[in-house]
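Notes to accompany the following structure.
The values are calculated or read from the model by the stated rules, or taken from the named source; none is laboratory data. Given the structure is predicted, the values throughout are model-derived calculations rather than measurements. Glycine also receives a Cβ, built like all others from the backbone with ideal geometry; neighbour counts cover every protein chain displayed. Note: accessible area is taken over every heavy atom of the protein model, side chains too, but ligands, DNA and RNA are not part of it. Shrake-Rupley method; radii C 1.70, N 1.55, O 1.52, S 1.80 Å.
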Amino acid sequence: MTGRSQNSLGIHVSLNGTAEVQGSVYGGGMGSEGKANAGHIETNEGSVTVDIQGGTVSQNVYGGGALGRTMAQNIKVIIGNGDTSTQTRVIGSVYGGGMGLLDDSDAGNVKSNISVIVKSDALIGGSVYGGGELAQTVGNIDVETHAVINGNVFGGGLGAQKSTSTSGSKRTVRIGKGAKIGGSVFGSSSLGDD
């Protein structure tokens, strides 16, 4: 079954308290390999917000969809609530964009301005990316973190050699007070051409 959602008011996904998600959290839809319109989200006048204020996500967090394309005015991914007496955990990585496939140029693509904010109470086991995972992102990207991140921080996405990861975008990366980055900080993408 394939579907296309047009929602001018936007989408809001939130996680609070001691909630646990064994898989990943997506702001967009679930697509299907080779089917361009499966899980396609179009909210050009609205926004997509993924707000993880507490709890644990065992895999990754994405502002976009799982193979499904996302078109929105803005995507905002917020990890944490700023209260350091609690801890918000993402065991995997955080992506402002979507999850794609290595040999599929449409899967998980995002056309939107993206903001990723990782607050001081958050613990990220992997890395933080402004863009997507093996999925192209078109739009301005802003990444800000005050948290413990075991991996790296990228202004772009996780791509593949000789394929475009992010394009048409102005990128800003801010590492703020309290941040502890286990790896390095990059203004651009990992592997992908920008």
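Sparsely packed loop sites in the stretch 120-171 (the trypsin sites (Lys or Arg not before Pro) outside DSSP H, G, I, E and B with at most 16 other Cβ atoms within 10 Å) comprise Lys162, Lys170. Based on alpha-carbon atoms, the Kirkwood radius and the radius of gyration of the stretch 53-153 give Rg/Rh equal to 0.98. By accessible area, using a 1.4 Å probe on protein heavy atoms only, the stretch 82-144 has 46% of its surface on carbon and sulfur.
For Lys76, nonlocal amide neighbours, meaning residues 5 or more places apart or on other chains whose placed amide H falls under 5 Å from its own, are Val48, Thr49, Val50, Ser115.
Pull up the DSSP beta bridges for the chain and report the antiparallel fraction as a percent, rounded to 5. Taking every DSSP beta bridge within the chain, about 5 percent pair in antiparallel fashion. Averaged per residue, the chain has 45 square angstrom of accessible surface, using a 1.4 angstrom probe with ligands and nucleic acids left out.
Taking amide H as placed 1.01 Å from N in the peptide plane, Val25 has its amide H under 5 Å from the amide H of Asn60, Val61, Tyr62, each at least 5 places away in sequence or on another chain.
A 1.4 Å probe over all protein chains sorts His146, His12, His40 by accessible area into His12, His146, His40, starting with the largest. Just checking my list [x] 0.95; [y] 1.14; [z] 1.05 against Rg/Rh (Cα atoms, Kirkwood Rh) computed from this structure; which label fits? It is the one labelled [x].
For Lys111, the aspartates and glutamates whose Cα falls under 18 Å of its own Cα, not counting residues fewer than eight places away in the same chain, are Glu42, Glu45, Glu133, Asp142, Asp193, Asp194.
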